[in-house]
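Below is one structure, written out as structure tokens; the observations come after it.
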Amino acid sequence: MKFNYNLLNNRIAQVCGSQQEFAKRLGISFEELQKKLIGTDEFSASEIQKGIELLSIPLNNVDELYFNKI
């Protein structure tokens, strides 16, 4: 299943400044993050949880950032 990560990308830019910095804080490589954002790989539950914390995403906004279907 493919998801639209435009809102997540915007939040990453606002909070971390770049996808590279977000990947570093998340504990994965930039290449791994790219695969997740284009839909080749999926975010694990622990990566989603850590991303929510890193980006200070309110729980009522999680679905629109991580599970917004294309």
Helical contribution to [θ] at 222 nm, DSSP H n ≥ 4, -39,500 (n - 2.57), averaged over the chain, rounded to 500: -17000 deg cm²/dmol
Shape box of the chain [Cα atoms, principal axes, largest first, Å]: 26, 25, 20
Dipole moment magnitude, nearest 20 debye, region 19-70 about Cα centre, only Lys, Arg, Asp, Glu C-beta charged: 60 debye
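Every read-out reported here was derived from the displayed coordinates using simple, explicitly stated rules and does not represent laboratory data. The structure presented is a predicted model; accordingly, all values stated were derived computationally and were not measured. Cβ sites come from the backbone with ideal geometry, for glycine too, and all protein chains shown count toward neighbours.
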